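The values are calculated or read from the model by the stated rules, or taken from the named source; none is laboratory data. Since the model is a prediction, treat every value here as computed from it, not as a measurement. All Cβ positions, glycine included, derive from the backbone under ideal geometry; neighbour counts span all protein chains shown. For the accessible areas, the whole protein counts, side chains as well, though only heavy atoms, and no ligand, DNA or RNA atoms are used. Shrake-Rupley method; radii C 1.70, N 1.55, O 1.52, S 1.80 Å.
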Amino acid sequence: MVKYLHGYDSREQQRLIDQAGFLAPLIFPSVDFFGCKKLLEIGSGVGAQTAVLLGLFPDLQITSVDFSETQLAKAAENLKGFSDRVTLVCQDAEKLQLEERFDAVFICWALEHITDPQTVMKRVREHLLPGAKIHITEVFNSTFYYQPESPALAYYYRVYNEQQIGFGGNPDVGSQLGNLLTHAGFRDIKISHGGFHLDQSQAEELGRFIAFWKILMKSGAPGLLESGAISQFEIDAMESDLDRILADENAVFFYQFVHANATV
Ligand SMILES: C[S@@+](CC[C@H](N)C(=O)[O-])C[C@H]1O[C@@H](n2cnc3c(N)ncnc32)[C@H](O)[C@@H]1O
């Protein structure tokens with residue numbers, strides 16, 4: 001059994017591509033790599049965010065590190081038009097060891113899955129040139145709030161987060177970004193928040209984010225079913241609760257992730 005919350009099947013790989021497009025307007029306004037030449041990306045998955053970075057910053061050469069051969073094979077396919085600007089490296093970020101030194105780092109939705117994010121930050125720091133910039137965006141799952149009360153969603157969310165913790169991850173790692181960067185020796189650390197606070201005043205947006213959330217929640221379903229942590233009935237009930245939130249006249253749907261920008 002793969003000890004990774006989302007797994008590596010083709011549906012999950014496509015989800016990462018869709019997610020990168022959907023969330024890009026919430027992430028990239030706080031990313032500034034203008035003037036940078038060599039970027040290190042940690043936990044790059046199928047290259048979904050790499051493609052966004054390549055488009056936004058045409059001067060960047062990117063080295064993308066992931067410890068999954070399956071993800072990197074898909075990344076090679078997704079980024080084939082950019083083979084002159086991207087190097088894909090299969091390594092565990094906790095043991096990062098590269099010859100090159102970088103003036104930029106991008107990490108998104110990866111530290112949450114890593115057992116020792118502090119070691120990763122120290123390793124990353126060792127690979128940077130003076131003045132290098134880092135951007136991190138990570139989850140802060142305890143911020144999820146909704147109305148009306150939705151017991152099946154609450155149960156599924158608890159089990160989903162427990163599964164991630166059981167695999168050595170941290171669904172609230174976003175809350176620790178300032179500490180992780182400080183202890184790794186970064187400076188000029190700026191923490192900000194992104195996410196959504198939706199209700200019936202933005203019904204269309206509420207529908208879009210609830211549809212997104214269903215897909216995100218279900219990305220954990222194969223692993224949760226396999227480990228026996230959840231039943232198909234409970235997955236369906238979670239989806240029905242999300243439909244009920246969308247239909248409720250007093251619906252609230254709120255979540256905050258965390259951005260950190262810093263330099264060395
Ligand atoms: C949720 S995906 C995010 C991928 C990409 N950053 C994105 O936003 O589309 C997390 C990725 O981190 C990778 N990963 C998890 N732990 C890792 C580690 N210790 N070293 C390298 N990659 C890791 C996984 O294989 C997975 O591809």
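Please express the Cα-Cα pair-distance distribution P(r) of segment 170-264 as a list of whole percents, one per 5 Å bin, running from 0 to the bin with the greatest distance.
3, 11, 16, 15, 14, 14, 12, 9, 5, 1
Where the only charges are on Cβ atoms (+1 Lys, Arg; -1 Asp, Glu), what is the dipole of the chain about its Cα centre, to the nearest 20 debye?
840
What translational D, rounded to a whole number of µm²/s, comes out for the chain from Stokes-Einstein when the hydrodynamic radius is the Kirkwood one over Cα pairs, at 4 °C and 1.567 mPa s?
Diffusion coefficient, whole number: 68 µm²/s.
For all pairs of alpha-carbon atoms in segment 41-188, what percent lies in each bin of width 10 Å, listed from the first bin to the last filled one?
Final binned percentages: 11, 37, 33, 15, 4, 0.
What's the ranking of 232-238, 131-137, 217-223 by average number of surrounding C-beta atoms within 10 Å, highest first?
Answer by packing, highest mean first, reads 131-137, 217-223, 232-238.
Starting from the exponent 0.38 and prefactor 2.2 Å, build the expected Rg for segment 101-154 from its residue count and divide its actual Cα Rg by it.
Here the Cα radius of gyration is 1.65 times the empirical estimate.
Report in % the part of the accessible area of segment 81-130 that belongs to carbon and sulfur, leaving out ligands and nucleic acids; probe 1.4 Å.
47
Sorted by mean Cβ packing within 10 Å, highest first, what order do the peptides 187-194, 23-30 take?
23-30, 187-194
Throw me the Rg/Rh for segment 211-264, computed over C-alpha atoms with Kirkwood Rh, two decimals.
The Rg/Rh ratio comes out at 1.15.
Once the Cα atoms of segment 1-118 are picked out, what are the Rg and Dmax in Å?
Calculated on Cα positions, Rg and Dmax stand at 13.5, 43 Å.
For the residue pair residue 200 and residue 37, what label-to-label distance in nm results when each label sits 7 Å from Cα along the Cα-to-beta-carbon direction?
So the two model labels end up 5.8 nm from each other.
Ignoring ligands, DNA and RNA, what accessible area per residue does segment 1-47 give at 1.4 Å, in Å²?
46
Suppose every Lys and Arg Cβ carries +1 and every Asp and Glu Cβ carries -1, with no other charges. What dipole size does segment 193-264 come out with about its Cα centre, to the nearest 20 debye?
300
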